[in-house]
Amino acid sequence: MDAQEHYFTADPASADQRRELTVPIAGAPMTVETAPGVFCPERLDLGTSVLLRSVPDPPQHGHLLDLGCGWGPISLTLASLSPEATVWGVDVNRRALDLLARNAARHGLDNVRATEPGAVPEDLSFAAIWSNPPIRVGKAALHEMLLQWLPRLAPGGTASLVVQKNLGADSLHAWLGGTLGSSFSTARLASAKGFRVLTVHRHLTPPVEGA
């Protein structure tokens, strides 16, 4: 990838040279298509692997969100584990969205919706959010993105985020806990290979003031 091009570019300038990988998805090998200009096109990245090993199985129904989906390992896992749920793979990178759509179709995962952020219906709430968020967009852009999507958790829903420790996982944990308000609780689910898995849970009912 060109030094000036990032995986969060809408239309990557690098050559769209497709290649195939076989990676573990939901406990089984799955052959997928990747390409330059998206996040980690040459393998299943370590952070995503840590996330997928750490989280409990997703809800079986409702809407599930993969925020920053890339070529799709999280979306494909969600769709495989929860075939009756609708999985929204969201990314600004149109090449990544094409790859996710093709990978889902290849494996008959017709419950995947690969889409740009603005195309997700505004009235949807999510039973779960899984994300390896694009930390390198910068703190302000990352915070804006998380404040756009985390409040869309349904009551009782949980978001699971994997963040590299040396890229600010602990400070993000503190920021989430101090920003989202009393309807949410933030915790560290796991720590492995230099990554933290953080969870944000939306309570079923708002806490009682003064309780």
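For the range 51-78, enumerate the residues that are in a loop (DSSP other than H, G, I, E, B), within 14 Å of the chain's Cα centre (by Cα) and over 19 Å from Val38 (Cα atoms).
Taking the range 51-78 as the starting set, the residues that turn out to be in a loop (DSSP other than H, G, I, E, B) are 55-62, 68-72.
Among the residues that remain, those that are also within 14 Å of the chain's Cα centre (by Cα) are: 55, 58, 68-72.
Passing the criteria: Val55, Pro58.
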Query raised in the report: Which number in (1) touching a residue at least 40 places away in the same chain (Cβ under 8 Å); (2) part of a helix (DSSP H, G or I); (3) not polar (S, T, N, Q) marks the one condition that His201 misses?
Result: (2)
Query raised in the report: Do we find that Thr158 is among the β-branched types (Val, Ile, Thr) and within 22 Å of Pro121 (Cβ to Cβ) in this structure?
Result: yes
Report task. Check the range 124-135 and report whether any residue there is modelled with pLDDT of 95 or more, out of contact with any Gly (no Cβ under 7 Å at 6 or more places or on another chain) and over 21 Å from Ile25 (Cβ atoms). Result -> yes
Query raised in the report: So Arg19 clears everything in (1) under 19 Å from Val137 (Cα atoms); (2) modelled with pLDDT under 95; (3) out of contact with any Gly (no Cβ under 8 Å at 6 or more places or on another chain) except one condition, right? Which one?
Result: (1)
Query raised in the report: Is it the case that some residue within the range 109-125 is touching a residue at least 60 places away in the same chain (Cβ under 8 Å), crowded, with 20+ Cβ neighbours inside 10 Å and either aliphatic (A, V, I, L, M) or over 25 Å from Gly72 (Cβ atoms) (or both)?
Result: no
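The values are calculated or read from the model by the stated rules, or taken from the named source; none is laboratory data. Every value quoted in this text rests on a predicted model; they were computed, and no experiment measured them. Glycine also receives a Cβ, built like all others from the backbone with ideal geometry; neighbour counts cover every protein chain displayed.
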